[in-house]
Amino acid sequence: MPLPSGTEAATVRVDPSGTVTAIFGIASHGQGLKTTLAQIVADEMEVPLEHVRILWGDTNAAPYGTGSYASRGAVMGGGAAMLAARAVMEKARQIASHLREAEAEQGAGSERHVTLADIARAAYAGKKRLPREMEPGLEATRFYDPYYGTATSATHAAVVEVDPETWGVRILAYVVAEDCGRLVNPLVVDGQVFGGVVQGLGGALLEEVVYEPGGQLVTASLMDYLVPTASDAPAIAVHHMEAASPTSLGGFRGVGESGTIGAPATIANAIADALAPLGIEFHELPITPAKIFAAAAERRPVVEVGGHKTV
């Protein structure tokens with residue numbers, strides 16, 4: 001659907017050593033975007049990953065960017081990187097063709113392999129090494145502004161257990177099937193899905209802003225406001241569908257939503273199913289042991305034990 005996703009830009013430059021520098025206005029906030037963008041640039045320019053250097057975070061040097069949010073990092077930053085890299089490689093091919101023609105005219109033959117470093121050295125060496133009217137240098141800045149925004153679709157499933165004595169919730173199994181389009185780095189994508197699911201579990205089971213009757217906030221620090229830790233994270237199985245998006249350059253879809261959005265509803269639904277025999281329903285999160293205990297006490301279900309009815 002049409003979304004005001006902003007624009008993103010990238011500058012890609014090759015220096016005479018053959019090192020590729022890609023400069024972005026967008027920046028990572030922990031989702032592995034630096035690795036992802038480096039892989040996209042390396043793939044487009046057909047150079048080893050270790051020859052690519054990523055720079056960002058300096059507004060004096062980087063082209064203008066809209067920001068890293070709303071699952072737009074790989075889609076927008078990657079799209080801009082692809083456009084800039086393709087512009088550089090188009091110029092590089094023209095310079096390579098010119099070098100071969102010049103060598104052929106000098107009787108040196110035209111079959112010599114020309115490296116990207118050779119082309120970059122020629123690009124900065126002066127007019128005689130370049131086609132007529134071509135500007136020296138080997139770099140390009142391109143903006144990417146797709147009409148359609150993208151988001152990952154995902155299905156979550158969970159099996160939970162509610163302890164009838166402590167009313168604590170334990171997650172026995174958790175599965176995510178998601179489609180973020182073309183995968184650039186499966187390990188990075190897995191990390192984002194895992195992190196998103198655990199964040200969603202925090203919203204479903206732990207995180208709550210609590211005030212005392214007088215209006216004083218009593219969960220004002222991480223000493224009192226509960227967030228999930230490694231010990232709270234279940235084993236998460238992730239399956240990737242990988243159907244390339246037809247509306248984004250590179251076929252990418254933003255993966256940031258695929259873990260976070262589905263987890264709270266999935267856990268809430270699983271708890272509701274577990275508590276269905278007691279006739280308990282919840283309509284707000286988090287679902288804490290204290291809330292389950294209070295709801296169970298309020299329902300006071302009558303059960304039959306050994307032929308006798310008891311509360």
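Is the shape of the range 254-293 rounded, prolate or oblate, going by the alpha carbon gyration tensor and its root eigenvalues a ≥ b ≥ c, with a/c under 1.5 for rounded and a/b larger than b/c for prolate?
Judged from the Cα gyration tensor, the range 254-293 comes out prolate (a/c at least 1.5, a/b above b/c).
Any chance you could run the full-extension gain for A276 through T7? It's 0.36 nm times the residue separation minus the Cα-Cα distance, nm to one decimal.
Length gained between A276 and T7: 92.0 nm.
Subtracting the Cα-Cα distance from 0.36 nm times the residue separation, let me have the gained length for E161 to N185 in nm, one decimal.
Extra length from E161 to N185 when fully extended: 5.2 nm.
Give the calculated FRET efficiency between T219 and A87 to the nearest 0.05, with a Förster radius of 51 Å applied to their Cβ-Cβ distance.
The pair T219/A87 has a calculated efficiency of 0.50.
Taking amide H positions as placed in the peptide plane 1.01 Å from N, state which residues far from T7 in sequence (5 or more) or on other chains have amide H under 5 Å from it.
T66
Determine the percent antiparallel among the DSSP beta bridges restricted to the range 8-144, to the nearest 5.
Values: 11 of 16 bridges.
DSSP beta bridges in the range 8-144 are roughly 70 percent antiparallel.
What list of ³J(HN,Hα) couplings, whole Hz, do you get for the range 84-91 from phi and the Karplus terms 6.51, -1.76, 1.60, once you set θ to phi - 60° and write x for glycine and proline?
After applying 6.51 cos²θ - 1.76 cosθ + 1.60, I find 5, 5, 5, 5, 5, 5, 5, 5 Hz.
Given the chain, what percent of its DSSP beta bridges are antiparallel, to the nearest 5?
Here the antiparallel bridges make up roughly 75 percent for the chain.
What value, in deg cm²/dmol to 500, does the helix sum -39500 (n - 2.57) over DSSP H runs of n ≥ 4 give at 222 nm once divided by the residues of the chain?
Mean residue ellipticity, 222 nm, calculated: -10500 deg cm²/dmol.
For the range 166-295, report the translational diffusion coefficient in µm²/s to the nearest whole number, using Stokes-Einstein at 10 °C, 1.306 mPa s, and a Kirkwood Rh over Cα pairs.
In µm²/s, the coefficient rounds to 96.
For the chain, report the translational diffusion coefficient in µm²/s to the nearest whole number, using Stokes-Einstein at 20 °C, 1.002 mPa s, and a Kirkwood Rh over Cα pairs.
Once the numbers are plugged in, D ends up at 92 µm²/s.
Could you work out the relative contact order of the chain, using alpha carbon pairs under 8 angstrom and six or more residues apart, expressed as a whole percent?
Reported relative contact order: 20 percent.
Once phi is turned into θ = phi - 60°, what whole-Hz ³J(HN,Hα) does the Karplus curve with 6.51, -1.76 and 1.60 give for every residue of the range 155-170, x standing for Gly and Pro?
So the J values, rounded to whole Hz, are 10, 10, 9, 9, 10, 10, 10, 10, 6, x, 9, 9, 6, x, 10, 10.
Express the C-alpha Rg of the range 8-144 as a ratio against the empirical globular expectation 2.2 N^0.38 Å, rounded to two decimals.
So the range 8-144 has a normalised radius of gyration of 1.14.
Bear in mind that the values in this text are calculations on the coordinates, not laboratory data. Note that this is a predicted model, so its numbers are computed, not measured. Quick reminder, even Gly has a Cβ in these numbers, built from the backbone with ideal geometry, and neighbours come from all protein chains shown.
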